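Step one of this worksheet: look at the structure below.
Taken together, the values in this text are just the output of simple stated rules run on the coordinates, not laboratory data. In this text, all values refer to a predicted model and were calculated from it rather than measured experimentally. Please note: Cβ atoms are built from the backbone with ideal geometry, for glycine as well, and neighbour counts cover all protein chains shown.
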Amino acid sequence: MSIYADRAIAPRPVADEWEWQYEGACRGMDPEMFFHPDGERGPRRRNRENAAKAVCASCPVLQLCRDRALAIQEPYGIWGGLSEDDRAAILSRRGISRISEAS
């Protein structure tokens, strides 16, 4: 008999929480499209973010990606069609301080 007879308390395989990424429209693309280099500002950053968000717009796992990024308070990059600032604004509206701000 398993020590986890009650499956509700059994640990879940970690891979199961990330398998959706195999279906992402961004899979195989250059990560630099989704993560800004140091010092990138203005039109260059806006254009890169808009291009990344366009990839996300057609993604079959957009909502899973977005939900995960918000749940773990992902601090960097475009995830689920949301930039760092977009996610911060959503979390703020929910009354959630970003992890780095709470410290």
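Between the DSSP loop rule and a limit of at most 14 other Cβ atoms within 10 Å, which GluC sites (Glu not before Pro) in region 25-92 are left?
Qualifying residues, ordered by number: 40.
Give the calculated FRET efficiency between residue 94 and residue 53 to the nearest 0.05, with a Förster radius of 25 Å applied to their Cβ-Cβ distance.
On the way: r = 21 Å, r/R0 = 0.84.
Here the calculated transfer efficiency is 0.75.
Anisotropy class assigned to region 36-103 is oblate, per the alpha carbon gyration tensor with a/c at or over the 1.5 cut-off and a/b no larger than b/c.
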